[in-house]
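Report on the structure given below.
The values are calculated or read from the model by the stated rules, or taken from the named source; none is laboratory data. Here the structure is a predicted model, which means the values were calculated and not measured. Cβ coordinates were reconstructed from backbone atoms using ideal geometry, including for glycine residues, and neighbour counts include every protein chain displayed.
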Amino acid sequence: MEFRHLRYFLVLAEELHFGRAAQRLAISQPPLSMNLQQLEASVGARLLERNSKRVQLTPAGRAFVPQARALLEQAQRAARHAREVAEGTAGSLQVGFVGTMLYRGLPPLLQRFQAQHPGLRLTLRELSSSEQLMELAQDRLDLGFVHTTRVPPGLSQILVSSQPFVACLPVGHALAGRGGKGARRAALAPAQLRGEPFAMVSRAVSPDYHDRIVALCGEAGFTPDVRYELRHWLSVVSLVAQGLGVAMVPQSLARSGLPGAVFVPLDAPTGTYDTYCLWRDARESAALAQFLAVVRETPP
């Protein structure tokens with residue numbers, strides 16, 4: 001059974017006249033008759049009765065009409081959807097992201113993309129950088145927003161944002177300056193955090209930036225007293241906000257709004273906390289190209 005057979009049959013069912021049906025289909029009557037015979041052979045039942053006076057549907061033919069129409073409509077929808085996916089106006093994308101991106105431009109980027117491409121569906125998954133690299137390698141993500149310079153072969157990248165580290169302190173900490181609503185310290189030296197209990201994202205989750213913070217402390221002449229190793233930067237800030245330690249965190253986390261935490265610039269070069277958008281070189285998708293175009297429009 002072919003879709004051509006269904007289309008010819010439905011025109012015949014409407015016209016109940018081989019000559020008029022052939023004219024509508026822009027074919028001659030013999031191929032129309034042959035296609036009907038092929039369809040009936042495939043179905044295993046007579047669908048039309050005709051004699052010298054008239055053409056009429058059999059009971060089987062009347063029952064087949066709505067099913068044939070539904071099949072054609074479904075095929076047309078499938079073809080239209082396939083064209084839209086090929087053109088990048090429909091489809092879906094699996095997007096990975098690290099939590100700090102919620103405070104570093106990801107929400108407005110997503111809003112801008114959805115406004116420009118309402119037919120594309122985004123599914124967001126919060127994952128660590130190492131988890132995203134694994135998911136990208138196994139083709140379970142279309143793209144990811146990561147914090148790592150250890151990009152394996154086969155992946156392309158765009159620098160999305162770059163920011164310094166700042167000190168994160170409990171609101172009442174002596175190094176935070178005055179308490180309450182008073183003025184805060186303008187900056188502090190990393191060496192002033194010597195001897196403080198540190199909260200830090202674990203090395204297993206973010207080796208690049210775990211090592212960066214340890215190196216910053218080393219450059220200031222001390223080894224950090226790491227008491228808490230956590231999976232998420234927000235967990236680090238939350239723990240500090242509860243007065244359990246101090247931390248060095250990306251500057252964007254000052255926008256997290258967690259009460260009890262104060263963010264103070266460091267007066268020494270910290271290097272930058274960089275965010276990259278990664279995707280597989282071999283990944284060919286119009287929807288992905290549309291998303292990357294929006295990413296490229298966003299300044300670092």
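Quick grid of which residues meet (1) surrounded by 14 or more Cβ atoms within 10 Å (Cβ to Cβ); (2) under 12 Å from the mean Cα position of the chain (by Cα); (3) among the basic types (Lys, Arg); (4) assigned to a loop (DSSP other than H, G, I, E, B):
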position	(1), (2), (3), (4)
PRO108	no, no, no, no
GLN111	no, no, no, no
THR123	no, yes, no, no
ARG140	no, yes, yes, yes
ARG150	no, no, yes, yes
SER161	yes, no, no, no
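For the residues LEU39, LEU10, LEU6, the requirement of being touching a Phe, Trp or Tyr at 6+ places or on another chain (Cβ under 8 Å) and either in a helix (DSSP H, G or I) or of a type in the set (Gly, Ala, Ser) (or both) singles out LEU39. Screening ALA287 against (1) more than 30 Å from the chain's Cα centre (by Cα); (2) touching a residue at least 24 places away in the same chain (Cβ under 8 Å) leaves a single unmet condition, (1). Checked against the criterion of being in the same structural domain as LEU175 (by TED's automatic domain parsing), modelled with pLDDT of 90 or more and surrounded by fewer than 22 Cβ atoms within 10 Å (Cβ to Cβ), the candidates LEU234, LEU292, LEU230 yield just one match: LEU230.
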